[in-house]
Amino acid sequence: MTKLKYLFAIILSLLISTAHAQIDTLFWFAAPEVSQDGPANDFDRPIVLRMTAFTQPATVTISQPACTGCMPTQTINIPAGGTSSLDLTQWIDSIENKPANTVLNYGIKIQSTSPISAYYHEVSTQCTCNPEFFVLKGQNAMGTDFWIPSQNFLSNDPGYTPTPYSSFDIVATQNNTVVTITPSNNIVGHTAGTPFTVTLNLGQTYSATAASQAAALHLQGSRVTSNKPITINVKDDLLNGGVYGGCADLAGDQIVPTSVVGTEYIAMSGSLNAPGDQLFITGTQNGTTISQNGSLVTTINAGQTYQLAVGGPSTYIQTSKPAYVYQLSGIGCEMGSAILPSIVCTGSNSVSFNQCTNLSLYINLMVKNGGQGNFLLNGAAGVITPAQFSAVPGTAGVWYAAHISLSTTTYPQNSVISITNSSSLFQLGLLTGSVMTGTAFGYFSNFGGLAPNVSSNGPVCKDSTIRLFVDTIANANYSWTGPGNFTSTLQDPVIINATSANAGTYTLSVTANGCSATETVSVAVIPDTTSTQTINVCSDSTIVFAGQTLDSSGTYTHHFTSAAGCDSFVTLNLTFNLPPDPISLVVDPLGCIGQKMNISANEKTQNSSYAWSFDNGNVVSGSGQGPYVITWSSAGIKDITVTASNPCGTVSSTDSLTISLPPVAKITNVSKQDICGGDSVQLTAYFARGYVYKWQPDADFPYAQTAQVTAILSTAANVILKVTDSAGCVATDSTYISVDPCCHVSVPNAFSPNKDGKNDVYRIITLSHDKLILFRIANRWGQIVFETTDLSKGWDGTFNGAEQEIGTYFYILRYVCVDGRVVEQKGDLTLIR
């Protein structure tokens, strides 16, 4: 059995600590609109994305998924422990989110193959006046429920163009994201306290911008919820720092959802002029108490914000319910702001970031007592020492903090600064800048809770070894569970001779430093695989299978090693196909206009497709190879072509047939159209040599094959003439002859028996083909004077030898019609002399 091979020493060497800096492999950001203050100043540029890799190299992809034609997708390779910056300034018009109250396509997605830290930097080096960090918090920043933290101490300075405002900017991480916003104060397009919704697709953004520059009308306490994860950053552009000495500076940060907000915070003073650093605490629930350094200060409700001064090197803030703590800090009169991380079960034991400036550089460190002496800076001890730390008021000596200045000579611009602690988690904030050049401020340590980085060597082959990994966590206890009742308390357990029963999800529960977390990893066990491929190729093709050239149809099997290193058996069903066989047409050679002609093709291979040309013929029936039934509406020679094609070749065949005009079938004369039953009728048709005539009904015209015929008809008939010419073409004509089976018998209405040889006998004029039963004449007294059944006899005007008097007499006729009916006919006659 083939087994996977792993470089375990290399894998173990790449393990990184669980509570890193604010690192992740996925980040989303909506860049704020920052006032340029005219082309000569460029307060809002350059803008730069700064990224730092840790113990693994990273390939980072930066894109704008919703914005076609905006920034092209950028790919950056960062070596392990290295840093890289991407200047975004050339695409600033499709990155900064403006105008307000508009759905835009400007969201930035940052995807990495391994964990990195990243921040968006308003550099402002062209004016050296308006910088700020927006520290990206990865998936800790993604959520569906936010309260907006902000400062309401300083107004935005009105002396710049465009006019600076405060805002919060939203980006959707999925399609069909419905965002509900309830602004605490008026924003562009919407009034305070009135909820409204915005629907965003993946990568689309929305900027909620304050309608006023006044500090009291900033957007702290606004509520944002959504049905799918979003990220939000807050911005206060060009704050008027008159209270600090007259500077104006940009402040802002990416915030976190309420699920990441805590109840315990430490804030450290920067180097602001009096009245110093300020905190703004925003409640997420009603009845939230606020304590500073162990003393109760006030109670606030959801959406309310309370301001506190830091009031010393550090201060300890407690809230009874989760709340945001937002800090305004800076250097001299220059200001920056950042959301603070909760200190409960958060923090990092390794933080790395890009040192982006040559200005004054300070770090704020917070660590539990006992960890002050275990810091390394870029691997060196003695740079960060216990003497630099002092106890945080109100924590009873549990927490210590240090505000440390770093030399930009030792740690120059664009270098990587890496700070680690071998025993404890810590929080780290970065403050950089100087008077009249602006300040940038942000926290780079982990905002989320304990988050063990769990992995495996999966997928593995059947009968191989499963190895589970978790980063080393100081003072941690590990508990693994998994398929098949698997349990282990080892940090990195091993399962040998894996089968399909060992495939599935493994769960790790970790407890460390009073905190706990659960993570899962799925492991696939790849069985021996079998697959079948069916290939049809042309006979002139070359097929190579497992290094063997195949030249005949058949079934072939080979054992391979799959890309995953596992056994794989492949069966190949191979068929070599020939081009179409020669094709021939079978057609009727002669035909007539409108006559159905039979056409077919003879070709042995049955895997061809067929294309036909019928020379304007009408297809009555047929498809594919045929046969077809075709008619033509014009005379002449018709060319028929068929083409048979398959993937291996094409053959064609052409034949022709002759279509003639039909013969003339026309009944030109009928002797009588209405006759009595048994009478004869003569019919004459158009005559041409070579025509064959046939008259129907057959019973009436049994031998009639000439152009003129005579027939005796006993019943009415539709006489049909069918004419066939020498080409076999047929035409027809017809006429209807009416036959009365019982015609009225004709008799005279008077006669003169005076023996002058004219009209001396009263007799039946015509009885057609009917049979006489009775012919009787009576006088006006009803006396019968004549009676006979002989059609040839008549009354001579006498009775018993005596001539009868002039006057009116009456007759009765009875006869049998041709159709067998007996008819009686009565009338009168006049005897004159």
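The residues in region 137-151 that are open to solvent by less than 30 Å² (accessible area, probe 1.4 Å) and assigned to a loop (DSSP other than H, G, I, E, B) can be counted, and the count is 5. Scanning region 492-535 for residues that are open to solvent by less than 60 Å² (accessible area, probe 1.4 Å) and free of Cβ contacts under 8 Å to residues at least 24 places away in the same chain yields A503, G504. Take F799 and tell me if it is over 60 Å from the mean Cα position of the chain (by Cα) and farther than 30 Å from S714 by Cα. It is true that F799 is over 60 Å from the mean Cα position of the chain (by Cα) and farther than 30 Å from S714 by Cα.
Looking at this structure, is I300 out of contact with any Cys (no Cβ under 7 Å at 6 or more places or on another chain) and closer than 26 Å to T173 by Cα? Full working, then the answer.
Values: out of contact with any Cys (no Cβ under 7 Å at 6 or more places or on another chain): yes; closer than 26 Å to T173 by Cα: no.
Here the answer is no, as I300 does not meet what is asked.
On inspection, A716 qualifies as small (G, A, S) and closer than 30 Å to L772 by Cβ. Only a single criterion out of (1) part of a loop (DSSP other than H, G, I, E, B); (2) open to solvent by less than 30 Å² (accessible area, probe 1.4 Å) is not satisfied by G394, namely (2). Test T549 against the stated conditions and say whether it is free of Cβ contacts under 8 Å to residues at least 12 places away in the same chain, of a type in the set (S, T, Y) and more than 17 Å from V454 (Cα to Cα). Yes; evaluated as a whole, the condition is true for this residue. Exactly one residue out of N374, N364 is surrounded by 23 or more Cβ atoms within 10 Å (Cβ to Cβ), closer than 30 Å to A53 by Cβ, touching a residue at least 24 places away in the same chain (Cβ under 8 Å) and in contact with a Ser or Thr (Cβ under 9 Å, 6 or more places away or on another chain), and it is N364. Out of all the residues in region 152-170, is one or more assigned to a loop (DSSP other than H, G, I, E, B), among the acidic types (D, E) and at negative phi? So far as region 152-170 goes, yes, one or more of its residues are assigned to a loop (DSSP other than H, G, I, E, B), among the acidic types (D, E) and at negative phi. Restricting the first member to region 791-808 and to residues that are open to solvent by 50 Å² or more (accessible area, probe 1.4 Å), and the second to residues that are acidic (D, E) and part of a strand (DSSP E or B), the beta-carbon pairs closer than 8 Å and six or more apart or on different chains are T808/D828.
Checking each residue of region 338-359 against the condition of being surrounded by fewer than 23 Cβ atoms within 10 Å (Cβ to Cβ) and touching an Asp or Glu at 6+ places or on another chain (Cβ under 9 Å) gives at least one match.
Restricting attention to region 465-490, and to residues there that are modelled with pLDDT of 90 or more and part of a loop (DSSP other than H, G, I, E, B), which single residue is least open to solvent (accessible area, probe 1.4 Å)? Ranking the candidates gives T465 first.
Answer with yes or no whether V243 is under 30 Å from G294 (Cα atoms), open to solvent by 40 Å² or more (accessible area, probe 1.4 Å) and hydrophobic (A, V, I, L, M, F, W, C).
On the way: under 30 Å from G294 (Cα atoms): yes; open to solvent by 40 Å² or more (accessible area, probe 1.4 Å): yes; hydrophobic (A, V, I, L, M, F, W, C): yes.
So V243 fits the description; yes.
If the condition is being without any contact (Cβ under 8 Å) to a residue 24 or more places away in the chain and among the hydrophobic types (A, V, I, L, M, F, W, C), then region 751-785 contributes I765, W781, I784.
Give me the residue from region 101-135 that is closer than 21 Å to L202 by Cβ and open to solvent by 30 Å² or more (accessible area, probe 1.4 Å) and, out of that set, modelled with the lowest pLDDT. Before you say what the answer is, go through the steps one by one.
At the first step, the residues of region 101-135 found to be closer than 21 Å to L202 by Cβ are 101-113, 118, 120, 134.
Imposing the further condition that a residue be open to solvent by 30 Å² or more (accessible area, probe 1.4 Å) reduces the set to 101-103, 105-106, 109, 111, 113.
On the way: N101: 98, T102: 98, V103: 98, N105: 98, Y106: 98, K109: 98, Q111: 96, T113: 91.
By that ranking, first place goes to T113.
Region 268-316 holds strands (runs of 3 or more DSSP E) entirely within its bounds, and those carrying 1 or more residues that are open to solvent by 20 Å² or more (accessible area, probe 1.4 Å) and within 20 Å of S222 (Cβ to Cβ) map to 305-309.
Taking region 733-763 as the range and being surrounded by 14 or more Cβ atoms within 10 Å (Cβ to Cβ) and not in a loop (DSSP other than H, G, I, E, B) as the test, the residues that pass are D733, T735, I737, V739, D740, F751, Y762.
So, in region 576-592, how many residues would count as being under 43 Å from the mean Cα position of the chain (by Cα) and either surrounded by fewer than 12 Cβ atoms within 10 Å (Cβ to Cβ) or in a loop (DSSP other than H, G, I, E, B) (or both)? Show your work before the answer.
We begin by selecting, within region 576-592, every residue under 43 Å from the mean Cα position of the chain (by Cα); these are 576-580.
Remaining after also requiring either surrounded by fewer than 12 Cβ atoms within 10 Å (Cβ to Cβ) or in a loop (DSSP other than H, G, I, E, B) (or both): 578-580.
Total meeting the criteria: 3.
In region 659-697, of all residues being open to solvent by 80 Å² or more (accessible area, probe 1.4 Å) and not in a strand (DSSP E or B), the one that is farthest from C817 (Cα to Cα) corresponds to L661. Would you be able to say whether some residue in region 641-654 is under 30 Å from Q533 (Cα atoms) and outside any strand (DSSP E or B)? Yes: one or more hits.
Residues that are at pLDDT 95 or above, over 37 Å from the mean Cα position of the chain (by Cα) and part of a strand (DSSP E or B): does region 174-181 have at least one? Before you say what the answer is, go through the steps one by one.
Here is the first cut: in region 174-181, the ones at pLDDT 95 or above are 174-181.
Then keep just the ones that are over 37 Å from the mean Cα position of the chain (by Cα); that gives none.
No: region 174-181 contains no residue that is at pLDDT 95 or above, over 37 Å from the mean Cα position of the chain (by Cα) and part of a strand (DSSP E or B).
The values are calculated or read from the model by the stated rules, or taken from the named source; none is laboratory data. This is a predicted model, so every value here is computed, not measured. With ideal geometry, Cβ positions are generated from the backbone for all residues, glycine too; neighbour counts draw on all protein chains shown. The area values use the complete protein model at the heavy-atom level, side chains included, leaving out ligands, DNA and RNA. Shrake-Rupley method; radii C 1.70, N 1.55, O 1.52, S 1.80 Å.
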